[in-house]
Each structure stands twice: as C-alpha cells, then as structure tokens.
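A quick write-up on the structure given underneath.
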Amino acid sequence: MDIATRERKLRPINNLAMMKTPGVVRYAPGLYLQVRAGKHEFRRSWVFRYRLNGQSRWFGLGEADLVSIADAKEAAIAARKVVKAGQDPIDMRRVEKAEQRAKATLNTFRDVALAYIAAHQDGWKNAKHKAQWHSTLETHAFPVLGGLPVASVDTGAVMRVLEPIWRATPETASRLRGRIESVLDYATARGWRTGENPARWKGHLDNLMPARSKLAPVEHHAALPWREIGGFMAKLAEQDGVAPMALRFAILTATRTSETLNATWGEIDLSGPDAPVWTIPAARMKAGKEHRVPLSDGAVAILRTAKMLRTTEKPDEPVFPGQKPGKGLSNMAMLMLLRRMGREDLTTHGFRSTFRDWIAESTAYPRELAESALAHTVGGVEGAYQRGPMLERRRKLMADWAGFCARPMATGEIVAFRPAAG
C-alpha cells in the first residue's frame, strides 16, 4: 500500500486506539504515528521525522492519547520551521529543559522565603517581627526545606520540620507552620509551584497532628543545679566529637541552642580591638537585636580546637560543622549527646537557667548584667537606663563563670568567693 492510500485510510480514524499494528505510519509531511507493543498494551505516539546535516532524526511530539491530531500537526509545522532555520529541535528541547531545571533549582524554599520577607517587611510593625520571621525559619525550616526547590515541598517535608517541635514548643511550632504556609502561598501566586498548600492547617495538617489547644502543657526539665556544673563539664570534656565541643561552648557563653549551632567563623573576632568577642547578628536573635558575647579563655580554647576542623576560609563556614559539607550540626545533636550521657533530665536551654541561678545565688553581679548576658530584653526604667551592651563588665562575668565551670565542687563545699560587680 502506497503512502497516499495509507493516508486516505487513516484520515477517517478518530479513535487512534484502534491502531494495534506495531510500526510507523505517515500522517502528514514529516508527521508520523508510531505504534509500539508494550507489556500490557500498545503505545502510540506522534513523532516528527527530519534530516539535518545529512542525518535522519526523530523528534517526539507526545503520546497520541494526550496530543490531538490537530495539535500534533501544529507541533510538526513548528519543528519544521526550526529545521529550516538550521537548528535542531531536539537540541532546543534539551536546552529548554535544562533552563527549566535551573530555574526550579534557583527558586529554593530559602530563596522564596527571603523574597517573601523582603516583599512584606515594610508592612510589618517593627524590626523585631522581621527578625523573628527570619530566626524561626533559619533555625527550624531551612535545615530541612532550605535547599529544596519550592515546587517540590510536600506534606512529608513540612512534617519533618514541625513534628520535632510540635509538642515541645507548640507556640513556636504553630507560628512556624503559618510562616511556611505563607511562603508557599507566595510561591504559588508567583507561579513557582502548583497544587494545594502542604502547610495548610484546616482540612489537612489538622488530620495529622493535634491542635495546640489540646496539647498538654509541656513539663520543662529542671536545670542542672549550679553547684553541679563543674562536675558535669568535667564529664562532658571526656566526650569525643563536635557536639560535645558545641555544648561546652553553649554553656560557657550562656547562649541558646540555635545561636550556637548556627555560629559561623565570620561572627568570631579573636584579634580586633574588642576581641575576643562573638557577634551574633540580629536576624539570629530571639529579640531581633545584635548580641555581642565576650569570650572567656575557656570558650576561646574550644574555638581554637574547632578551627582545626575548617576546610575553607569562607566567613559563612559553620564553627561546629555537621556531617553535610558546609552545614552545621543538626538541632538535635546536643540533645542526643545528653541522652548518650544518661542525662535525659537535661536540655541545652536549661544551662542558661543554671548560669542565671549561679549569678543570683553565688555572685554579687547585678540583675541587669545577668539579663544582658542572656540577651533578655529589659523593660521599664531599668531598660531605659541600660545604654550599652556593658561588654567589659560582662567580660569579667563570663570569665568568672568559665572559672567556676572548670572546677568540680566537693560534696558539702561552701562557696566562699562572691565575685565583685566589677
């Protein structure tokens, strides 16, 4: 049967599923219907045949069940124009797909979240709100979602962020969920993702997690008694690995878990006029204000050990690296360390209370100095008259704290030394 006869026989056929003979049938200039025998059924697809640089090539135009005859003809005409222009439609498609993949990769969740903050921050009440937005995402969401294309963020990924903190810190977790939802809605509005929002609560996540109002109040672990900190630090010094270094550093600096785990070398100054000092940017602080931590000799010794782990000289390299290159320890690293030490009764945050109790019960340092060291916001008249970070006074406080942590107390020992206010 010649081509013309085959074309006449094909034209009246509207149901392409009737064609069950493997092979290739010409339907229009350059347009062919290709029939292949699959494992369970026949597969029919449109292909465009052309010659370029003396070689014959086949260009797929889609499954016949999904692409109509009219659309296949239009696609073949467009491909023919590309060939006449001296270009290869296969190469053009490969470039387009590469560009689409690159665009999807550029629009990571982190990129979109930062774009959302930039687009909305002028309408927020104050800088603290912006800092809290950035801080909660940086601490909890970015380690899991940050590098993912925003289009691929699904329910499973959102649950990996929320589940570890949903019961422990329900208020923070609830705010975080809402912020993730807003970022994903923003991405949908910009055309960077499609479909339902996996962070939506009503009718979605409320089927997977209990409501905040139904959660039992969290019983916080008691802080380590301040008299026991020296003995604990001695046992901690016997532990190997990066997590023990990070926990010792967090205790000696009285900082929060996220502040320590996200510390970078660019924040550490060991040789400047105010050195040694660690400057934590406002974006990573709970109160949304930059916090400067004077470093004791004990803290500096930990940093010198940690410095041997550096692989680059980049300022954003984490001080306490995790298993993934360029990434810091996970937010569970220090908690898991405490469990391995048999101290399930403790949390990293509790050591800040230990520090505060030591100041109140064993020293003569004033309250405002303790609050400043803990980066707490001091209100009222006291806050109004606290003009600066009191860096030098806090430097003596942190040195005394490091000295106290370095010496285990004997049973029944009475603290006779009460450091002066300085």
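Does residue 368 qualify as being crowded, with 17+ Cβ neighbours inside 10 Å and either on the phi > 0 side of the Ramachandran plot or of a type outside the set (Val, Ile, Thr) (or both)?
No, not satisfied.
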If I filter the stretch 279-297 for residues that are within 21 Å of residue 244 (Cα to Cα), in the same structural domain as residue 394 (by TED's automatic domain parsing) and in a helix (DSSP H, G or I), do I get at least one hit?
yes
Could you please let me know if residue 286 is more than 20 Å from residue 140 (Cα to Cα), basic (Lys, Arg) and surrounded by fewer than 20 Cβ atoms within 10 Å (Cβ to Cβ)?
no
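Yes/no per residue for (1) charged (D, E, K, R); (2) surrounded by 14 or more Cβ atoms within 10 Å (Cβ to Cβ); (3) not assigned by TED's automatic domain parsing to the domain that holds residue 349:
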| site | (1), (2), (3) |
| --- | --- |
| 232 | no, yes, no |
| 244 | no, yes, no |
| 258 | no, yes, no |
| 265 | no, yes, no |
| 274 | yes, no, no |
| 306 | no, yes, no |
| 312 | no, no, no |
| 319 | no, yes, no |
| 326 | no, no, no |
What pairs come up if the first residue lies in the stretch 155-168 and is touching a residue at least 40 places away in the same chain (Cβ under 8 Å) and within 11 Å of residue 140 (Cα to Cα), the second is of a type in the set (Val, Ile, Thr) and part of a helix (DSSP H, G or I), and their beta carbons are under 8 Å apart, counting only those six or more places apart or on different chains?
158/180
What pairs come out if I take residues in the stretch 172-198 that are basic (Lys, Arg) and pair them with residues that are surrounded by fewer than 21 Cβ atoms within 10 Å (Cβ to Cβ) and not in a helix (DSSP H, G or I) whose C-beta lies under 8 Å away, six or more apart or interchain?
177/201
Scanning the stretch 315-374 for residues that are without any contact (Cβ under 8 Å) to a residue 40 or more places away in the chain and among the polar types (S, T, N, Q), which turns out farthest from residue 270 (Cα to Cα)?
323
What is the residue count in the stretch 108-141 for residues that are modelled with pLDDT of 85 or more and of a type in the set (S, T, N, Q)?
3
It is to be established whether one or more residues within the stretch 181-189 are of a type in the set (Val, Ile, Thr) and either assigned by TED's automatic domain parsing to the domain that holds residue 286 or crowded, with 18+ Cβ neighbours inside 10 Å (or both).
yes
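Residue by residue, here is whether (1) surrounded by 17 or more Cβ atoms within 10 Å (Cβ to Cβ); (2) out of contact with any strand residue (DSSP E or B) (no Cβ under 8 Å at 6 or more places or on another chain) holds:
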site: 59; (1), (2): yes, no
site: 65; (1), (2): no, no
site: 69; (1), (2): yes, no
site: 97; (1), (2): no, yes
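Could you tell me whether residue 335 is part of a helix (DSSP H, G or I), closer than 30 Å to residue 241 by Cα, at pLDDT below 90 and assigned by TED's automatic domain parsing to the domain that holds residue 232? Don't jump to the end; show me each part of the working.
Numbers: part of a helix (DSSP H, G or I): yes; closer than 30 Å to residue 241 by Cα: yes; at pLDDT below 90: yes; assigned by TED's automatic domain parsing to the domain that holds residue 232: yes.
Yes.
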For the subset of the stretch 53-91 comprising residues that are touching a helix residue (DSSP H, G or I) at 6+ places or on another chain (Cβ under 6 Å) and modelled with pLDDT of 85 or more, which member is farthest from residue 25 (Cα to Cα)?
82
Report yes if some residue within the stretch 92-104 is within 24 Å of residue 322 (Cα to Cα) and either modelled with pLDDT under 90 or in a helix (DSSP H, G or I) (or both); otherwise report no.
no
Take residue 172 and tell me if it is of a type in the set (Ser, Thr, Tyr), part of a helix (DSSP H, G or I) and within 18 Å of residue 305 (Cα to Cα).
no
Say we look at the stretch 153-163 and pick out the residues that are in a helix (DSSP H, G or I) and under 14 Å from the mean Cα position of the chain (by Cα); which of these is surrounded by the most Cβ atoms within 10 Å (Cβ to Cβ)?
158
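The values are calculated or read from the model by the stated rules, or taken from the named source; none is laboratory data. As the structure is a prediction and not an experimental result, all values here were calculated from the model. Positions of Cβ are generated from backbone atoms using ideal geometry, with glycine treated the same way; all protein chains shown enter the neighbour counts.
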